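Participant: Got a structure for you, questions after.
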Amino acid sequence: MAEHYGGEEQPQARADNEAISGPLNGIRVIELGGVVAASFAARLLADMGAEVIKIEAPDNPDPLRHWGRVSADGRALWWPIQSRNKKLITLNLRKPAGADLLVRLCAQSDVLIENFRPGTLEKWGLGYDRLAEANPRLVLARISGFGQTGPQAHRPGYAAVAEAIGGLRYINGYPDMPPPRFGISLGDSLAGMFTTQGVLAALHERTNSGRGQVIDTALTESCLALMEGALAEFGYLHEIRKPTGTRLPRVAPSNLFSSRDGHWIVIAANQDKMFERLCRVMGRPELIADERFCNHSRRGDNQDEIERIVAEWVAQHDLREIDALLAEAEIVAGPVYTVADILNDAQFQAREAIVVHHMEGLGDIPAQGISPKFSRTPGSIRWAGLWKAGAHNEEVYGGLLGIAETELVALKEAKII
């Protein structure tokens with residue numbers, strides 16, 4: 001039975017044997033590497049219907065199995081979500097026989113995603129030239145800290161460093177304070193999302209050319225891509241964008257405000273029409289014509305004063321009341337949610353943005369649903385990530401590659417799988 005959050009029953013993850021649906025049904029993806037970036041990209045593709053085969057080393061499973069908060073018996077709560085919809089196999093790529101098996105898998109697949117340090121696949125004799133010889137249509141998506149080329153390509157890279165070098169850390173936080181991190185592995189997830197975009201684009205191009213290609217995603221460049229106009233501002237105005245805390249300079253009122261009962265709400269009423277609505281809701285229509293606030297530019301000049309006025313008004317109301325008033329007036333606003341708030345949100349529930357994974361040993365746990373939604377070919381969650389490494393060895397090696405059971409036993413004894 002599904003858990004109940006906010007009085008609504010959450011959709012259950014589908015059973016393992018349900019038919020695959022989704023716009024990527026028929027696409028097979030091989031996932032190499034560990035932790036976040038490649039795994040997240042593969043998860044997105046799997047949610048959209050791709051068959052994803054995740055490879056782990058027999059003697060060194062993905063560290064994500066133990067990352068983050070864990071259950072009483074040491075099982076990571078992140079793992080079932082990040083590895084959902086994936087078939088798990090083990091394979092030792094450091095041995096020639098293991099490398100040969102990967103080539104055979106790639107010969108029957110569409111995409112290979114890896115996030116090793118540049119040169120690792122080549123060291124194992126698994127460069128794209130060999131893989132493409134076995135399957136010219138193969139798309140190889142490579143994720144690394146600094147990219148496959150350039151003077152820093154050899155350096156290892158994690159999300160924290162990528163966020164710093166890519167500029168995101170510097171503009172985050174408050175002036176004159178150390179730039180904080182975001183509380184999630186943002187750089188990894190961004191790289192995973194850009195990789196997913198690249199894979200989809202390469203698959204589309206392949207329909208015309210019939211050929212695969214290499215996608216090169218750098219964590220640093222994935223962070224840099226989100227820097228909006230910061231580079232142009234420096235190049236033209238010689239201004240370095242700096243951290244601004246909870247506000248954007250000269251965009252007002254658009255900030256965090258504290259309610260009477262001690263909760264935060266974001267109000268973004270900086271456009272002229274939106275500001276007029278806010279003034280009327282606050283019972284301050286005279287502010288509309290006030291020369292200090294009469295247009296976007298003047299409100300930017302007097303940002304402190306207008307946001308002080310809004311803050312005083314918000315502080316006179318509880319969050320639920322203020323949120324209802326602003327919603328009724330069609331003013332852009334929303335409370336700052338904790339995960340507990342998210343689980344109880346009626347909008348998330350209505351759109352199946354929260355689903356439930358049933359996990360052996362843990363029971364039902366809530367998880368993120370599938371985004372985006374597709375009208376004709378919706379994605380699906382066929383099963384949550386499994387605990388057992390190599391759970392699908394027999395299915396993949398025996399069923400897909402046709403390897404006999406006796407040979408599988410020999411490969412296991414030789415520590416190839």
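Participant: Among all lysine pairs in the chain that are eight or more places apart or on different chains, how many have alpha carbons less than 13 angstrom apart? Mind dumping the intermediate values first?
Facilitator: Numbers: Lys54/Lys86; Lys54/Lys87; Lys54/Lys388; Lys86/Lys388; Lys87/Lys388; Lys95/Lys123; Lys95/Lys412; Lys95/Lys415.
Going through the chain pair by pair, I get 8.
Participant: Using Cα-Cα distances under 8 Å and only pairs 6 or more residues apart, what relative contact order does the stretch 254-338 have, in percent?
Facilitator: Working: 116 pairs, mean separation 36.8, N = 85.
Taking the mean separation of contacting Cα pairs over the length of the stretch 254-338, I get 43 percent.
Participant: Peptides 270-276, 144-150, 31-37, 380-386: what's the order by average Cβ count within 10 Å, highest mean first? Before the final figure, lay out each step's value.
Facilitator: Numbers: 270-276: 16.6, 144-150: 18.3, 31-37: 24.7, 380-386: 22.0.
Descending mean neighbour count gives 31-37, 380-386, 144-150, 270-276.
Participant: Note the per residue figure in Å³ for the convex hull of the C-alpha positions in the stretch 254-338. List each step's numbers first, then the result.
Facilitator: Working: hull volume 6.7 nm³, N = 85.
Given the Cα convex hull of the stretch 254-338, per-residue volume reads 79 Å³.
Participant: Residue separation times 0.36 nm, minus the C-alpha to C-alpha distance between Lys95 and Glu330: what's the value? Present the calculation step by step, with values, prior to reporting the outcome.
Facilitator: Values: separation 235, 0.36 × 235 = 84.60 nm, distance 6.21 nm.
So the chain would gain 78.4 nm between Lys95 and Glu330.
Participant: For the chain, modelled as a Gaussian network with Cα springs under 10 Å, which listed residue fluctuates most, Asp318, Asp110, Asp188?
Facilitator: Most flexible of the set in this elastic network: Asp318.
Participant: Given labels modelled 7 Å from the Cα in the Cβ direction, how far is it in nm from Glu352 to Thr406?
Facilitator: Here the modelled spin labels are 4.7 nm apart.
Participant: Need one word for the stretch 101-204: rounded, prolate or oblate. Basis is the Cα gyration tensor (sqrt eigenvalues a ≥ b ≥ c); a/c below 1.5 gives rounded, then a/b vs b/c decides.
Facilitator: Details: a/c = 3.37, a/b = 2.19, b/c = 1.54.
Taking the square roots of the gyration eigenvalues as a ≥ b ≥ c, the stretch 101-204 is prolate.
Participant: Sorted by packing (mean other beta-carbon atoms within 10 Å per residue), highest first, where do 41-48, 197-204 land?
Facilitator: Ranking the peptides 41-48, 197-204 by packing returns 41-48, 197-204.
Participant: Using Cβ counts within 10 Å as a stand-in for footprinting exposure, how do Cys294, Cys279 rank, fewest first? Walk me through the intermediate numbers first.
Facilitator: Values: Cys294 14, Cys279 21.
So the ranking, lowest neighbour count to highest, is Cys294, Cys279.
Participant: For the stretch 347-357, what does the Karplus curve 6.51 cos²θ - 1.76 cosθ + 1.60, with θ = phi - 60°, yield as ³J(HN,Hα) per residue in whole Hz, taken in order and with x for Gly and Pro?
Facilitator: These are the phi-based 3J(HN,Hα) values: 5, 4, 5, 5, 9, 6, 6, 10, 10, 10, 9 Hz.
Participant: Within the stretch 23-107, which chymotrypsin sites (Phe, Trp or Tyr not before Pro) sit in a loop by DSSP and count at most 14 neighbouring Cβ atoms inside 10 Å? Walk me through the numbers before you get to the answer.
Facilitator: On the way: sites: Phe40, Trp67, Trp78; in loops: Trp67, Trp78.
Those that pass, being in a loop and sparsely packed, number zero.
Participant: Per-residue HN-Hα couplings for the stretch 284-289, Karplus 6.51 cos²θ - 1.76 cosθ + 1.60 at θ = phi - 60°, whole Hz, x for Gly and Pro?
Facilitator: 10, x, 5, 5, 4, 9
Participant: With a cap of 12 neighbouring Cβ atoms within 10 Å, and only residues DSSP puts in a loop, list the GluC sites (Glu not before Pro) found in the stretch 298-375. Write out the running numbers ahead of the final one.
Facilitator: On the way: sites: Glu305, Glu307, Glu312, Glu321, Glu328, Glu330, Glu352, Glu360; in loops: Glu330, Glu352, Glu360.
Listed in order of number, the matching sites are Glu330, Glu360.
Participant: Of (i) 46, 26, 18; (ii) 42, 30, 20; (iii) 37, 25, 20, which is the value of semi-axes √(5λ) of the Cα gyration tensor in Å derived from the coordinates here?
Facilitator: (i)
Participant: Using a Förster distance of 35 Å, how high is the FRET efficiency between Gln148 and Arg247, based on the Cβ-Cβ distance and rounded to 0.05? Write out the running numbers ahead of the final one.
Facilitator: Numbers: r = 39 Å, r/R0 = 1.11.
Working from the Cβ atoms, E equals 0.35.
Participant: Taking Cα pairs under 8 Å and at least six residues apart, what relative contact order does the chain come out at, in percent?
Facilitator: Dividing the mean separation by the residue count of the chain yields 22 percent.
Participant: Only helical DSSP H runs with n ≥ 4 go in: add -39500 (n - 2.57) per run for the chain, normalise by residue count and round the 222 nm mean residue ellipticity to 500 deg cm²/dmol.
Facilitator: Numbers: 18 runs with 148 residues, N = 417.
Only helices count here, giving -9500 deg cm²/dmol.
Participant: Quickly work out the Ala289-to-Asp261 label distance, labels modelled 7 Å from Cα along the C-beta direction, and quote it in nm with one decimal.
Facilitator: 3.8 nm
Participant: Below 8 Å between Cα atoms, with a sequence gap of 6+, how large is the relative contact order for the stretch 179-235 in percent?
Facilitator: This gives 43 percent for the stretch 179-235.
Taken together, the values in this text are just the output of simple stated rules run on the coordinates, not laboratory data. Owing to the predicted nature of the structure, the values given are computational and were not obtained by experimental measurement. Heads up, the Cβs are rebuilt from the backbone with ideal geometry, glycines too, and the neighbour counts pull from every protein chain shown.
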